[in-house]
Amino acid sequence: EVEIHEEPALKGDYYVLCAVLVSDEGLSIVREHVERVRRRHRQTGELKSSAIGHEDSRRVQILRELADADFTYFLVVVDKTRIDGESGLRYKRSFVKYFHGVLWGRLLRAHEHVVIRADKVGRSEYLSTFEPYVGKRKMRDLFDPREPVEFVDSKDEVLVQVADMIAGTHRLMLEHKLPAGLASS
């Protein structure tokens, strides 16, 4: 079983969605590790890519410490400049719903027992349309009582914060806003 925590990086020419994948067995250990990293670098605040900004050495240090945790991640990267301006994807709501559906659909097909915890950004009626959209993409196991998507506040879920750090870092790399060689540090 896998827990997935995702966060989109919305700014710039690239839309980056990151899903952090953690096994159920390792979930509490990974959360504790990430919480220690968060406290060390943010004290009481969220661990967010935008809060780190261009403090490149700090970003690298945080990512190195996070890399010690037992999780993997999956990215969906969209070059927004290549979207057909006449398509339905030119509308933010359609764009976001479509690419979240791509990510979640792939993850739900790849992992038989999965729970997605997504940041509850946006209006509640807008968010409520995501779960039925994703639910149509995969039949759930009749004996699995968990909902496929749970919306959480990123302030309360450190793994969504990890997804934000990874997505934000990848977006900055794609937009050449990090110094050369930083990605390999």
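The values are calculated or read from the model by the stated rules, or taken from the named source; none is laboratory data. Computed from a predicted structure; not experimentally measured. Neighbour counts are summed over all protein chains in view; Cβ atoms, including those assigned to glycine, are modelled from backbone coordinates with ideal geometry. Ligands, DNA and RNA are stripped out before the accessible areas are found, and what is left, the full protein with its side chains, is counted by its heavy atoms. Shrake-Rupley method; radii C 1.70, N 1.55, O 1.52, S 1.80 Å.
Below, the figures for the structure above:
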quantity	calculated
Matching helices (runs of 4 or more DSSP H) fully within region 75-145 where at least 1 residues are open to solvent by 20 Å² or more (accessible area, probe 1.4 Å) and modelled with pLDDT of 80 or more	92-110
Members of region 149-163 found to be closer than 17 Å to R36 by Cα and in contact (Cβ under 8 Å) with a residue 12 or more places away in the chain, listed by number	S154, K155, E157, V158, L159, V160, Q161, V162, A163
Residues (part of a helix (DSSP H, G or I), open to solvent by less than 70 Å² (accessible area, probe 1.4 Å), hydrophobic (A, V, I, L, M, F, W, C) and modelled with pLDDT of 90 or more) located in region 22-52	L27, V30, V34, V37
Within region 53-74, tally of residues that are loosely packed, with under 11 Cβ neighbours inside 10 Å and either outside any loop (DSSP other than H, G, I, E, B) or among the β-branched types (V, I, T) (or both)	2
